[in-house]
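Asks: Below is a structure I'd like to ask you about.
The values are calculated or read from the model by the stated rules, or taken from the named source; none is laboratory data. This one's a predicted model, so the numbers in the text were calculated from it and none came from an experiment. In this analysis, Cβ positions are derived from the backbone assuming ideal geometry, glycine residues included, and neighbour counts consider all displayed protein chains.
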Amino acid sequence: MDQAILSTSVWVFVILALVFGLCSWLAGQAAARAWRSMPVALGYSVLIALADRFLLFALRDASLLDPTGLVIALVMFPTIAALAFRWNQVDMMVSQYPWLYERAGLLSWRPLPGTDFGGASDAKAATD
């Protein structure tokens, strides 16, 4: 049953998922650390998913474009890359701009209380 869904043995799937999952995490981290956008990280993770399918095809005689395995890879690896991207983006925002933002959970940040982003205080100071 597992081989019908994964097109390979469970152990091979788990090992490759760990290796390429780490690659997806690093791709998301690299895109965030370079101040790139989320689609860059997702594009890299799609290439990583295709590399995962190719290794299964080349080394284990799995079907290259097996719909189930391809969908699993195209969901799993971009999700990992998106989580890594957001995690690192939040870390960079709160460490780069500590006077403006504070962490509001693992994957988000918020303005510090008393921080005005509307520019009203600047406009008032300019007219006084």
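Asks: Can you tell me which of (1) in contact with a Pro (Cβ under 9 Å, 6 or more places away or on another chain); (2) of a type in the set (A, V, I, L, M); (3) surrounded by fewer than 17 Cβ atoms within 10 Å (Cβ to Cβ) is the one L42 doesn't meet?
Replies: (3)
Asks: Shifting gears a bit: Got a sec? Which of A51, A62, A82, A73 is small (G, A, S), over 16 Å from the mean Cα position of the chain (by Cα) and at pLDDT 90 or above?
Replies: A51
Asks: Also, quick follow-up: Among the numbered criteria (1) touching a helix residue (DSSP H, G or I) at 6+ places or on another chain (Cβ under 8 Å); (2) in a helix (DSSP H, G or I), which single criterion is violated by S63?
Replies: In the conditions (1) touching a helix residue (DSSP H, G or I) at 6+ places or on another chain (Cβ under 8 Å); (2) in a helix (DSSP H, G or I), S63 misses (2) alone.
Asks: Which condition number in (1) of a type in the set (A, V, I, L, M); (2) at pLDDT 95 or above; (3) under 24 Å from L16 (Cα atoms) is the one that M92 fails?
Replies: Of everything listed in (1) of a type in the set (A, V, I, L, M); (2) at pLDDT 95 or above; (3) under 24 Å from L16 (Cα atoms), M92 misses just condition (3).
Asks: Related question: For A31, which of the numbered conditions (1) closer than 30 Å to T115 by Cβ; (2) hydrophobic (A, V, I, L, M, F, W, C); (3) in contact (Cβ under 8 Å) with a residue 40 or more places away in the chain; (4) not in a helix (DSSP H, G or I) fails to hold?
Replies: (4)
Asks: Scan region 113-128 and give yes if some residue there is part of a loop (DSSP other than H, G, I, E, B), at pLDDT below 90 and surrounded by 10 or more Cβ atoms within 10 Å (Cβ to Cβ), otherwise no.
Replies: yes
Asks: For region 37-60, enumerate the residues that are under 13 Å from A84 (Cα atoms) and either among the aromatic types (F, W, Y) or not in a helix (DSSP H, G or I) (or both).
Replies: S37, Y44, listed by residue number.
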